[in-house]
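All remarks here apply to the structure that follows.
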Amino acid sequence: MRLKSNVAIATVTAALLLTTMVAPAMAALSPQTVALQLGEEAGSGYYASYGQQVDLLPTVLSSIELPGDVFAFEAFVTDSDGVQKWLPITDYESITLENTNTVQPFAFRFGYEGTVSLADFSNVALTYPAQIRVEYKPFDLVTKKSESTTPTRTYSETETLNVVRNLSEKVAISTSGTVKHAGTKFKFQVSPNAGVGTIRVTVTKHGSKTLSYNVITDVDGAASQTLKLGAAHGTYKVTAKFLGNVWGVSSATAVKNVHANH
């Protein structure tokens, strides 16, 4: 009887050990429920202006996040082949957890971040409103890899990033260095900042040909470019108008008079 009891105990113990070893792996093989929260809102979308920061917080609702788990953000965009598809947001590609249950919000700045790599290896900025989601790839304790190529990877619901457009813009004009007919360096600043956009610049003087230029601002709404004024001596009227973009409306026309003596 004692022998049978020992065998029974050993069998139960082995079964428990096997269950303990297999359970984490089985958990990794099961699809997980993942949520993506934007800022403090749990609703269906987030509205922000250019440069504003929003926290992207992914959460696994059906299990505890473990070291080795991977989160990757994706955007729904039109690829270089003209087909709409989900592609990785390169700013946040493959973020791996180092500790248990320690998912931190990922800061996202509207307009500054959000580059997507297309199939032809070109990079494009997100267009708005933008649809995003998070991919969760749990760490498999058996293979010692995150499940990036198996059905165990899971996606959150789709969230939308929306733009609050600046309803008023202005352009500041200044010169740098010596004012010259053949080339004067101008600096432009659009405010509030609306990121990359076009400023239409014109140079006029009575008796001289009107010159027009398109100047492109950078992510900080600034631009610096050397522009030709004309051949004649005297005062030139320089105007600048921001043409508007998704972040801000077109501006009023700014005017600056510059005098060229040589």
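Quick note: the coordinates plus some simple rules give every number you see, no bench work behind them. Given the structure is predicted, the values throughout are model-derived calculations rather than measurements. FYI the Cβ positions are ideal-geometry reconstructions off the backbone, even for glycines, and counts take in every protein chain you see.
Charge tally for Gly111 (other residues, Cβ to Cβ under 13 Å; Lys, Arg +1; Asp, Glu -1): -2.
Once you have the Kirkwood Rh of the range 32-163 from its Cα pairs, apply Stokes-Einstein at 37 °C and 0.692 mPa s and quote D in µm²/s. Rounded, D is 215 µm²/s.
Output the Kirkwood hydrodynamic radius of the range 170-260, Cα pairs only, in Å rounded to one decimal.
13.1 Å
When the pairs Lys209/Lys237; Lys180/Lys205; Lys180/Lys241 are compared against a 18 Å limit on Cα-Cα distance, Lys180/Lys241 fall above it. Derived value for the range 111-221: Kirkwood hydrodynamic radius 19.0 Å. Basis is the mean of 1/r over every pair of different alpha-carbon atoms.
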